[in-house]
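The values are calculated or read from the model by the stated rules, or taken from the named source; none is laboratory data. Quantities reported herein were computed from a predicted structural model and do not represent experimental measurements. Glycine gets a Cβ as well: all are built from the backbone with ideal geometry, and neighbour counts include every protein chain shown. Heavy atoms of the whole protein, side chains included, go into the accessibility calculation; ligands, DNA and RNA do not. Shrake-Rupley method; radii C 1.70, N 1.55, O 1.52, S 1.80 Å.
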Amino acid sequence: MLYFAEIIHLLVEETNRYYHQHIERRQDGPSPRPDVTESEMFLFLGIIIQMGHDIRDRLTDYWSTAEQFATPFYSKTMKRDRFLHILRFLHFADNRTEIDRNDDSYDRLWKIRTIFDTLNDAFEKYYNPSEHLAIDEIIVKYKGRVIFKQYIPKKHKRFGIKIFKICDAAGYTYDMKVYLGKDRTRADRDVTATHATVRDLCRRIEGVGHKLYMDNFFSSPDLFDELMTKKITCCGTVRPNRKGLPDDFRRRQFRLRKGDIRVRVRQNMTALVWKDKRDVYMLTNMHSPPAEGNFCGEHGNATKPAVVADYNKHMGYVDKADRMANSYGICRRTWKWTNKLFFHLLDLTILNSYILLSSCGAKLSHRDFRLALVRNMLELAGRGPPRPQRPRGRPPAVRSEPSRIGEVTIQHWPTSSTSKLRCRECSSRGIRRTVRTKCVRCDIGLCISGCFQEYHTKATFR
């Protein structure tokens, strides 16, 4: 609830708003359903989390009564149609607040920006990260249509939404940023896009003395110099053609054997190349420069420098967080990228909550924490206001016109008549063919319209 208290209220408000907008667009739609309550939203999210531990082919299988599928938990918690209704209209922002897409300030993440920023602020507010941090990218698998979808063929998830993260040793996601394509506001500046991304992610850890690890996608001498002024030391692999590296690095003039090390130093920054199976280029300002030479073990294996050993030890924090968050993934196939990203953020929030609880001394596994969370959410929903019940059957019809003769012959039995007198009410409505008669059983005057088959009890004739 530290992370999600505000978001629950937002989900209920925007989901109901979106449903009412949908009803207004349909003039002859079905009767409106009751609004979603906060208790129902807790039940909905509890079912979503539980589904991560019970993967099935279709959503309807969770409510199936077949012997191989029957699970009373889902049907007792929420009816299937109600769950599908909430899932269909789950929304995160008012559609009427969208700005012009051609505007320079247009935000491609506006549909879920409020939730994303709320979680980002809460992640930083309630946790102090460890000394060693890592920056890397992850992919939220998605094959639908969205303009900032990425294709990275060397990744296990080739298609999806790219997110840059900074994580600590426990796998806690301290800050994150979605890649939305080329930033128009930074297009004319001197800094590169990756330089600006790292600078944005580090704005909350400045001045403390953290040690940051990154791969060659981000690292550069200019970035390391800037972060050093903010008391952040860095280490990572580097591309030899980066601006600011020595000329012999950029030209790749080294002819190295296995185990060879070449070092170049500039003030407190060290650039080195180490030969293992291939050349490994490293850049660091947190380590002392290693000695040059050839270093191999007894069996001819290259000895790793301390820079490489520390990089291998700490660089996998983001992958660790992504692996733990996806271990009980609740993401399902959907055409809405907003739902896909929201379910990933829900998984990530649960993981951060678990790490926060573990840092306080709790002895609990990630799986047990998620299952306990589901039970607590259902208990919390039970203490809330009662869920609205949809009235059964069709609503009673309010008629302003006379009933049809076939519907009320149980009350009156009209007799045949050849009278040519007209009913005043029928005449005022423009009905010419009217026949006066009366009921055989109760002797009440009746009027039958030959064209429209209508009659009026206690009609006045002329």
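Assuming R0 = 60 Å, what is the FRET efficiency of LEU364 and ARG252, from their Cβ-Cβ distance, to the nearest 0.05?
0.75
Please list, in order along the range 10-18, the HN-Hα scalar couplings obtained from phi with the Karplus expression 6.51 cos²θ - 1.76 cosθ + 1.60 (θ = phi - 60°), rounded to whole Hz, x for Gly and Pro.
After applying 6.51 cos²θ - 1.76 cosθ + 1.60, I find 5, 4, 5, 5, 6, 5, 5, 4, 5 Hz.
Per residue of the range 314-322, what does 6.51 cos²θ - 1.76 cosθ + 1.60 with θ = phi - 60° give for ³J(HN,Hα)? Whole Hz please, x for Gly and Pro, Karplus curve as stated.
10, 6, x, 5, 5, 5, 5, 4, 5
About its Cα centre, what dipole magnitude does the range 17-141 give when the only charges are +1 on Lys and Arg Cβ and -1 on Asp and Glu Cβ, stated in debye to the nearest 20?
Dipole size: approximately 700 debye.
Would you work out which of PHE159, GLY171, GLY181 lies farthest towards the positive end of the dipole of the range 135-184? Charges go on Cβ: Lys and Arg +1, Asp and Glu -1.
Farthest towards the positive end: PHE159.
Using a 7 Å offset from the Cα along the Cα-to-Cβ direction at both MET228 and ARG278, what is the distance between the two label points in nm, to one decimal?
Those two pseudo-labels are separated by 2.9 nm.
Grab the Cα-Cα distance for ASP100 and ILE152, subtract it from 0.36 nm times how many residues apart they are, and report the gain in nm with one decimal.
My answer for the length gained is 15.7 nm.
Given just the C-alpha atoms of the range 128-323, how large is their convex hull per residue in cubic angstrom?
145
Got a sec? What order do ARG17, ARG250 fall in by accessible area at 1.4 Å, biggest, i.e. largest, first?
ARG250, ARG17
Please give the solvent-accessible surface of THR60 in Å², to the nearest 10, using a probe radius of 1.4 Å with every protein chain present.
It works out to around 60 Å².
Quickly work out the ASN312-to-ARG199 label distance, labels modelled 7 Å from Cα along the C-beta direction, and quote it in nm with one decimal.
3.4
From the backbone phi of the range 296-302, what are the Karplus-calculated ³J(HN,Hα) couplings (6.51 cos²θ - 1.76 cosθ + 1.60, θ = phi - 60°) in whole Hz, Gly and Pro given as x?
9, x, 5, 9, x, 7, 5
Please quote Rg/Rh for the range 13-105 to two decimal places, taking the Kirkwood radius as Rh and restricting both calculations to Cα atoms.
1.08
GLU13 versus ALA291, label points 7 Å from Cα toward the beta carbon: distance in nm?
Using points 7 Å along Cα→Cβ, the separation is 6.6 nm.
Go ahead and run the numbers for FRET between ARG25 and GLN68, Cβ-Cβ distance against an R0 of 41 Å, rounding to 0.05.
0.50
Working out 0.36 nm times the residue gap between MET1 and ASN216, then minus their Cα-Cα distance, what length gain in nm do you get to one decimal?
Full extension from MET1 to ASN216 adds 73.6 nm.
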